[in-house]
Amino acid sequence: MLRYPVMKHLVAAAALACGFTAIGLAQSAAPPENHERDFLSRIRRLTVEGRRAGEGYWSPDGKKLVFQSEREPGNPFYQIYLMDLTTGDISRVSPGVGKTTCSFINPESGDVLFASTHHDPTSRQQQADELKFRASGQERRYSWDYDPEMELYAKSSKTGTIKRITNKRGYDAEASYSPDGQWIAFTSTRQAYERSLNATEQKQLETDPSYFAEIYIMRADADGAGPRRLTSTPGYDGGPFFSPDGKRIIWRRFDEAGLLADIYTMNLDGTDVRRLTDFGAMSWAPYIHPSGQYVIFASNKLGFENFELFMVDIDGKKEPVRVSYSDGFDGLPVPSPDGRQLAWTSSRGGGREGQIFLAQWNHDAALAALRNAPPRRAR
């Protein structure tokens, strides 16, 4: 809910491989140094099968995790899976054909929301082409294509039937439910396909369709009808999630060049937009802790290829505090419903591909570190 597709922008952000600016230089005394062990303990790897896995989102009771993984025989693209954290059993949610991404569990019904292209008649050919490319030994940097065939679907927890929710040309994905299960917030590029584009815009759509991504909200029971567009700023707006009280939406906004991103919140009608970070880096995948007091997110503040977890107070008044200390990729953090655990995607298991990790989360230490953080600096 991007969530992972944001990785496309890593190529454009290569020039931003800047070092970390020490916190507190303008203060008479620097805040205490933090360590990963202060916040994360009993770290363990949850997923091992397949080439990569990521974006784990909890069921309301904290007993299940829905996630995406490349592990299906004959399909090199992500599919959606549900893990029982008690037994370790894993079952596939999506049909197994095409591309999928960004799943979420309805907190009321238990239905699983996800985005998929399995209806696209070219899906199997795309799978075959990708498998052929990988078998050739060629390599390319991981990217996301913002496939305009991507649509939202929901799988019933009672009947197992899969229902199509959206049916619009354009990328519909990165969706999540409100805490009461009544609303869906999602990302869409549909506005680029609903109007005539000038030559410059058409070129932009061909080279970087994510530029046209905006945040929308709709009733969960409306079958895709009557979505309301909430953002209209040039550049990629995506990865929306609801606040624990269901009154606000948090998301990340890229600048027009697609190089920098920061964390924002707004009301459900798109008003009262507040910027929480001004970090001078690519900051994304924000998720609000169940306490409602702070946000955990990922950023490459420390260097182009070194994504780490950070947290910031819910009002964005302080400088973000670093959480993870592991070379490579740490991102897509999602706290458990009780706020005592954290699931996130990391490459710390070895290699460049991510898998899902789980750890105990120290909420008291997080609050203490945020209290000691210096005021946010204007950049």
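The values are calculated or read from the model by the stated rules, or taken from the named source; none is laboratory data. Computed from a prediction, not measured in an experiment: that's the story for all the values here. Heads up, the Cβs are rebuilt from the backbone with ideal geometry, glycines too, and the neighbour counts pull from every protein chain shown. Please note that ligands, DNA and RNA were not included when accessible areas were found on the heavy atoms of the full protein model with its side chains. Shrake-Rupley method; radii C 1.70, N 1.55, O 1.52, S 1.80 Å.
Structure above, values below:
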{"read-out": "Evaluation of Y216 against (1) at pLDDT 95 or above; (2) part of a loop (DSSP other than H, G, I, E, B); (3) touching a Lys or Arg at 6+ places or on another chain (Cβ under 8 Å) (one fails), failing number", "value": "(2)"}
{"read-out": "The listed residue being closer than 23 Å to L85 by Cβ, open to solvent by 10 Å² or more (accessible area, probe 1.4 Å) and either of a type in the set (D, E, K, R) or touching a Ser or Thr at 6+ places or on another chain (Cβ under 9 Å) (or both), out of S346, S326", "value": "S326"}
{"read-out": "Selection within the stretch 58-109 - open to solvent by 50 Å² or more (accessible area, probe 1.4 Å) and of a type in the set (V, I, T)", "value": "T86, T87, I90"}
{"read-out": "Scan of the stretch 289-312 for residues that are farther than 22 Å from R348 by Cα and part of a loop (DSSP other than H, G, I, E, B), ordered by number", "value": "H289, P290, S291, G292, Q293"}
{"read-out": "Pairs with Cβ under 9 Å, 6+ apart, first in the stretch 45-62 and within 26 Å of D338 (Cβ to Cβ) and assigned to a strand (DSSP E or B), second of a type in the set (D, E) and open to solvent by 20 Å² or more (accessible area, probe 1.4 Å)", "value": "A53/E353"}
{"read-out": "Whichever residue in the stretch 133-167 is at pLDDT 95 or above, charged (D, E, K, R) and more than 20 Å from D221 (Cα to Cα) and, among such residues, is least open to solvent (accessible area, probe 1.4 Å)", "value": "D147"}
{"read-out": "Residue in the stretch 205-224 that is touching a strand residue (DSSP E or B) at 6+ places or on another chain (Cβ under 8 Å), closer than 15 Å to C102 by Cα and open to solvent by 30 Å² or more (accessible area, probe 1.4 Å) present", "value": "no"}
{"read-out": "Selection count, the stretch 220-247, where residues are in a loop (DSSP other than H, G, I, E, B) and either among the aromatic types (F, W, Y) or closer than 20 Å to I296 by Cβ (or both)", "value": "6"}
{"read-out": "The stretch 330-343, subset open to solvent by less than 20 Å² (accessible area, probe 1.4 Å) and of a type outside the set (G, A, S), residue farthest from D61 (Cα to Cα)", "value": "D330"}
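So that you can scan it fast, the table gives a plain yes or no per residue for (1) of a type in the set (D, E, K, R); (2) buried (at least 17 other Cβ atoms within 10 Å of the Cβ); (3) in contact with a His (Cβ under 8 Å, 6 or more places away or on another chain):
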{"site": "N267", "(1), (2), (3)": "no, no, no"}
{"site": "V273", "(1), (2), (3)": "no, no, no"}
{"site": "S283", "(1), (2), (3)": "no, yes, no"}
{"site": "I288", "(1), (2), (3)": "no, yes, no"}
{"site": "A298", "(1), (2), (3)": "no, yes, no"}
{"site": "E305", "(1), (2), (3)": "yes, no, no"}
{"site": "L309", "(1), (2), (3)": "no, yes, no"}
{"site": "E319", "(1), (2), (3)": "yes, yes, no"}
{"site": "R322", "(1), (2), (3)": "yes, yes, no"}
